[in-house]
Amino acid sequence: MPADPTANRGPLTGIRVVDLSTVLAGPYATMVLADLGADVVKVEPPDGDSTRGWGPPWVGEGPSRTAAYYLAVNRNKRSLRLDLKSPEGADVLRRLLISADVLVENLRAGSLDRLGFDEATLKALNPELVHLAISGYGTTGPGVGRPGYDFVVQAVGGLMSITGAPDSDDGRPTKVGVAISDVVTGLYSAIGILAALIGRGEASGQRVDVSLLGSTLAVLVNQAQNAFVTGRAPGRLGNAHPNIVPYETFATADGELAVAVGSERQWPRFCEAIGLPALATDARFATNGDRVVRRDALRPLIADRLATRSSAEWAAVLDEVDVPNGVVADVLEAFGSSEAVALGMSTDVEHPSLGVIRQAGIPLAFASTPGAIRTAPPLLGEHTDEILDALGYTGEEIAFLRETGAV
């Protein structure tokens, strides 16, 4: 069904966000806030967010043609086209910030200062303002000022070194299939903003810094701890788990099946279900620790057995004995699953010029104040006049701003 712009605005209703960020990490963070009801004003440079042109695939034709990439992370926002390098454009931003709760930006180090919006100026304009700044490598080390690109950060942040097939299978370090460093930075940014908003009573507004590198290192979780404990860098295991066996994908007669034997109670049930009951009493594989140490001996025994039947057949067998498993699905299959449909994880929204656009849903379900996909990703500058009008600009002043190219 098309999204309803009048639907419940969510728990962040009344929070105003000025979004100067582009590409993915920042826009993802502000989309999360917008989905939960915040009023997000996306301030775009004269040429627009660069991801508008990151196609194919494209949606639409002619001047309104837009890349799918842009559409993925900019719904529920209002777009204001603004040249911040012009005095008039800077004045518009100044007025916006006076009434805002949050500023989000991922400008290169020093850029905001050069535009006339250093920390002292921001504090003077609005003492309650939360300023979330996203960088590639932080604000204090030797990487200050280096551009942050997800692909590069996955490499230098260790993530690529543990992703992909092992050397024994002719594997190479591999990036994750989505820009996960950007995505987790966006999520940490949203968390930081919410925490800073809650803390405004004692600390007033404050600056919050989030880096792609720091976020990537943080989500290495157990792999990082494994390295700290052993003093050895973990390698690539393909789809295998470093600490649990069997916990990986296996080829079946017609595809791939993910098997997750996550407890000692599940191990004998798994062995019985696949017709290899002797494995459950084999002293070599008695505990998970034994199975991790001897994975090279165990895996071929399981792999040979699972290759004899289809994925669906094995899934039914393992479901019957309550052993976690899943048939490997492609993206469209994943969104089309009965579970995803029940979760409402895709929604149709009406775009002003591109027609109906399918969007990934909101994974947070609030009992009383649910978020909603209210509006489609905006056209460049679509809401300029309404935003300027709300800021107190007259019709003549708006026309002048357009004449000067400020908006």
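The values are calculated or read from the model by the stated rules, or taken from the named source; none is laboratory data. As the structure is a prediction and not an experimental result, all values here were calculated from the model. As a convention, Cβ positions derive from the backbone with ideal geometry for all residues, glycine included, and neighbour counts pool all protein chains shown. What goes into the accessible areas is simple: the full protein's heavy atoms, side chains included, and nothing from ligands, DNA or RNA. Shrake-Rupley method; radii C 1.70, N 1.55, O 1.52, S 1.80 Å.
Being in contact with a helix residue (DSSP H, G or I) (Cβ under 7 Å, 6 or more places away or on another chain), under 30 Å from Gly158 (Cβ atoms) and open to solvent by 40 Å² or more (accessible area, probe 1.4 Å), is that true of even one residue in region 300-314? No, there is no match, as no residue in region 300-314 is in contact with a helix residue (DSSP H, G or I) (Cβ under 7 Å, 6 or more places away or on another chain), under 30 Å from Gly158 (Cβ atoms) and open to solvent by 40 Å² or more (accessible area, probe 1.4 Å). For Arg172, the criteria (1) over 17 Å from Asn106 (Cβ atoms); (2) out of contact with any Gly (no Cβ under 8 Å at 6 or more places or on another chain); (3) of a type outside the set (S, T, N, Q) hold in every case but one, which is (2). Residues that are aliphatic (A, V, I, L, M), closer than 25 Å to Leu24 by Cα and open to solvent by 20 Å² or more (accessible area, probe 1.4 Å) within region 199-214 comprise Val208, Leu213, listed in sequence order. Leu380 - would you say it is farther than 26 Å from Thr252 by Cα, crowded, with 17+ Cβ neighbours inside 10 Å, in contact (Cβ under 8 Å) with a residue 12 or more places away in the chain and out of contact with any Phe, Trp or Tyr (no Cβ under 6 Å at 6 or more places or on another chain)? It is true that Leu380 is farther than 26 Å from Thr252 by Cα, crowded, with 17+ Cβ neighbours inside 10 Å, in contact (Cβ under 8 Å) with a residue 12 or more places away in the chain and out of contact with any Phe, Trp or Tyr (no Cβ under 6 Å at 6 or more places or on another chain). Listed by position, the helices (runs of 4 or more DSSP H) inside region 1-99 whose residues that are touching a residue at least 60 places away in the same chain (Cβ under 8 Å) and more than 18 Å from Thr384 (Cβ to Cβ) number at least 3 are 25-35. All conditions but one from (1) under 30 Å from Gly89 (Cα atoms); (2) touching a His at 6+ places or on another chain (Cβ under 8 Å) apply to Ile357; the one that does not is (1).
Evaluating Arg108 against the criteria (1) open to solvent by 60 Å² or more (accessible area, probe 1.4 Å); (2) at pLDDT 95 or above; (3) over 21 Å from Arg358 (Cα atoms) leaves one unmet condition, (2). The set of residues in region 266-278 being assigned to a helix (DSSP H, G or I), under 14 Å from Leu306 (Cα atoms) and open to solvent by less than 40 Å² (accessible area, probe 1.4 Å) consists of Phe270, Cys271, Ala273. When we screen Ser79, Ser135 for residues that are among the hydroxyl-bearing types (Ser, Thr, Tyr), more than 16 Å from His383 (Cβ to Cβ) and touching a strand residue (DSSP E or B) at 6+ places or on another chain (Cβ under 6 Å), the only hit is Ser135. Of all residues in region 39-48, those satisfying the criterion of being open to solvent by less than 50 Å² (accessible area, probe 1.4 Å) and more than 15 Å from Ala376 (Cβ to Cβ) are Asp39, Val41, Val43, Glu44, Pro46, Gly48. Note on region 279-299: residues that are open to solvent by less than 60 Å² (accessible area, probe 1.4 Å) and in contact (Cβ under 8 Å) with a residue 40 or more places away in the chain amount to 5.
When Asp113, Asp170 are screened for being exposed (fewer than 13 other Cβ atoms within 10 Å of the Cβ) and either more than 24 Å from Ala34 (Cα to Cα) or touching a Lys or Arg at 6+ places or on another chain (Cβ under 6 Å) (or both), only Asp170 passes.
Scanning region 210-240 for residues that are out of contact with any Gly (no Cβ under 9 Å at 6 or more places or on another chain) and either free of Cβ contacts under 8 Å to residues at least 12 places away in the same chain or of a type in the set (D, E, K, R) (or both) gives Val221, Gln225, Phe228, Val229, Thr230, Gly231, Arg232.
The listed residues are Ser346, Ser311, and the only one of them that is among the polar types (S, T, N, Q) and in contact (Cβ under 8 Å) with a residue 40 or more places away in the chain turns out to be Ser311.
Cβ-Cβ distances below 6 Å connect the following pairs, each with a first residue in region 107-120 that is over 13 Å from Leu93 (Cα atoms), a second residue that is among the aliphatic types (A, V, I, L, M), and a separation of six or more residues or different chains: Ala109/Val144. When restricted to residues that are at pLDDT 95 or above, more than 18 Å from the chain's Cα centre (by Cα) and not polar (S, T, N, Q), region 1-36 contains 7.
Filter region 242-261 down to residues that are assigned to a loop (DSSP other than H, G, I, E, B) and open to solvent by 50 Å² or more (accessible area, probe 1.4 Å) and give me whichever is farthest from Glu320 (Cα to Cα).
Once the filter is applied, the top-ranked residue is Asn243.
Ile191 meets all of the listed conditions (1) within 30 Å of Val102 (Cα to Cα); (2) at pLDDT below 95; (3) open to solvent by 60 Å² or more (accessible area, probe 1.4 Å) but one, namely (2).
Condition check ((1) under 19 Å from the mean Cα position of the chain (by Cα); (2) surrounded by fewer than 21 Cβ atoms within 10 Å (Cβ to Cβ)) across all residues:
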| position | (1), (2) |
| --- | --- |
| Glu119 | no, yes |
| Leu129 | no, no |
| Ile134 | yes, no |
| Gln154 | yes, no |
| Gly164 | no, yes |
